[in-house]
Amino acid sequence: MNSSLNTRSMIFTIYGDYIRHYGNEIWIGSLIKLLKVFGHNEQSVRAAVSRMSKQGWVESRKEGNKSYYYLTPRGVDRMDEAATRIFKLKQEKWDGKWIMLTYSIPEERRTIRDELRKELIWSGFGAIANSCWISPNHLTKQVNTLIEKYEISENVHVFLTEYQGPHEHQRLIQECWDIAEINSQYKRFIDGYQEKYEIAKIKIQSGKMTPADCFVERTKLVHEYRKFLFIDPGLPEELLPEKWLGNQAALLFSDYYRELAEPAGEFFETVFREGNELKRKNKKYDIFQHPLILED
């Protein structure tokens, strides 16, 4: 996986893992200070936030001479969806049904067509044929949102169906997703983070890792793990290969996250307090209360 930490992507991560739980908005000065620990300067932060605003992810308000940025409903919805997928350690039992979406979008709207493809991949769909996408997950809500967002109700058909062969379900999986490559990405994550977790656990418990260090490490961990949203469709257990590493990676992520959560949150609050009203939604740091993100 690419471990580069571009400014905009890091801002998304911090919004989803922290700001979302503190009233949903932050003073730009605090955001600049938080990003500084990763080597991002003020100019790059302001440029990234401006871009996010133009794309409809955040909006701003002024209070005196201070600018505050908060997530739009669109941004909040996307993070809720991401949280449901990333923090689910075990898939629900599959009912054997597939959702299928077909579309015929005219060439003059190809920009929308390209955006729709990206959204479908993010939601976990796979292309079984040109302009025909399938998923074994319950994604009716996401599909309806996309139809409304891109105003394509005249160009799409949606089915809830069962596969009648002549092949096994595994044939569909192999045609739609590169499962071997996804599994190898999980192996890289496990290989890269298992030792880090063990070392950090000892350091934290012996007081040799500061809250700032924990903030940096937790943010990098979330930033890296959330990339699986873009490649792993979250298939039901019945459709996964025997030697699937996704569950092992999820357990490692949750263990490491829990270890870092409280001291990292303390550092965030210290910075946040300087220019914002502290409005934490719940006192307890719980992995299942922290949605992830969103955009790469």
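The values are calculated or read from the model by the stated rules, or taken from the named source; none is laboratory data. For clarity, every value in this text was computed on a predicted model and none was experimentally measured. Every residue, glycine among them, receives a Cβ derived from its backbone with ideal geometry; neighbour counts consider all protein chains shown.
Residues Thr145, Thr140: which one is in contact with a helix residue (DSSP H, G or I) (Cβ under 8 Å, 6 or more places away or on another chain) and farther than 13 Å from Trp177 by Cα?
So the residue among Thr145, Thr140 that is in contact with a helix residue (DSSP H, G or I) (Cβ under 8 Å, 6 or more places away or on another chain) and farther than 13 Å from Trp177 by Cα is Thr145.
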Take segment 163-174 and flag every residue that is within 29 Å of the chain's Cα centre (by Cα) and not polar (S, T, N, Q).
His169, Arg171, Leu172, Ile173
Which pairs turn up if I take residues in segment 242-269 that are free of Cβ contacts under 8 Å to residues at least 40 places away in the same chain and look for partners that are among the hydrophobic types (A, V, I, L, M, F, W, C) with beta carbon separation below 6 Å, at least 6 apart in sequence or on another chain?
Tyr257/Ile287; Arg258/Ile287
Within segment 28-61, can you find the residues that are out of contact with any Ser or Thr (no Cβ under 8 Å at 6 or more places or on another chain), at negative phi and not in a helix (DSSP H, G or I)?
Val37, Asn41, Gln55
What number of residues within segment 1-20 are small (Gly, Ala, Ser) and either modelled with pLDDT of 85 or more or within 23 Å of Asp77 (Cβ to Cβ) (or both)?
2
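One line per residue, one yes/no per condition, for (1) assigned to a loop (DSSP other than H, G, I, E, B); (2) surrounded by fewer than 22 Cβ atoms within 10 Å (Cβ to Cβ); (3) of a type in the set (Phe, Trp, Tyr):
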{"residue": "Lys201", "(1), (2), (3)": "no, yes, no"}
{"residue": "Ile204", "(1), (2), (3)": "no, yes, no"}
{"residue": "Ala212", "(1), (2), (3)": "no, yes, no"}
{"residue": "Phe215", "(1), (2), (3)": "no, no, yes"}
{"residue": "Arg218", "(1), (2), (3)": "no, no, no"}
{"residue": "Leu221", "(1), (2), (3)": "no, no, no"}
{"residue": "Arg226", "(1), (2), (3)": "no, no, no"}
{"residue": "Asp232", "(1), (2), (3)": "yes, yes, no"}
{"residue": "Pro241", "(1), (2), (3)": "yes, yes, no"}
If I ask for residues that are part of a loop (DSSP other than H, G, I, E, B) and either at pLDDT 95 or above or of a type in the set (Val, Ile, Thr) (or both), which ones from segment 134-149 would you list?
Pro136
Answer yes or no: is there a residue in segment 188-195 that is surrounded by fewer than 18 Cβ atoms within 10 Å (Cβ to Cβ), under 30 Å from Asp95 (Cβ atoms) and either within 18 Å of the chain's Cα centre (by Cα) or modelled with pLDDT of 95 or more (or both).
no
In segment 94-109, which residue that is part of a loop (DSSP other than H, G, I, E, B) and of a type outside the set (Gly, Ala, Ser) is modelled with the highest pLDDT?
Lys97
Scan segment 68-93 for residues that are buried (at least 16 other Cβ atoms within 10 Å of the Cβ) and either among the aromatic types (Phe, Trp, Tyr) or at pLDDT 90 or above (or both) and jot them down.
Tyr68, Tyr69, Tyr70, Leu71, Thr72, Phe87
Does Ile112 count as part of a loop (DSSP other than H, G, I, E, B), at pLDDT 90 or above and over 30 Å from Glu237 (Cβ atoms)?
no
Taking segment 95-152 on its own, how many of its residues are crowded, with 17+ Cβ neighbours inside 10 Å, of a type in the set (A, V, I, L, M) and over 25 Å from the mean Cα position of the chain (by Cα)?
2
Within segment 24-60, count every residue that is aliphatic (A, V, I, L, M), touching a residue at least 60 places away in the same chain (Cβ under 8 Å) and surrounded by fewer than 19 Cβ atoms within 10 Å (Cβ to Cβ).
1
Checking the structure you have, find out if any residue of segment 209-221 is more than 20 Å from Gly39 (Cβ to Cβ), touching a residue at least 24 places away in the same chain (Cβ under 8 Å) and small (Gly, Ala, Ser).
no
Could you grab me the full set of residues in segment 61-94 that are of a type outside the set (D, E, K, R), more than 25 Å from Pro233 (Cα to Cα) and without any contact (Cβ under 8 Å) to a residue 24 or more places away in the chain?
Gly64, Asn65, Thr72
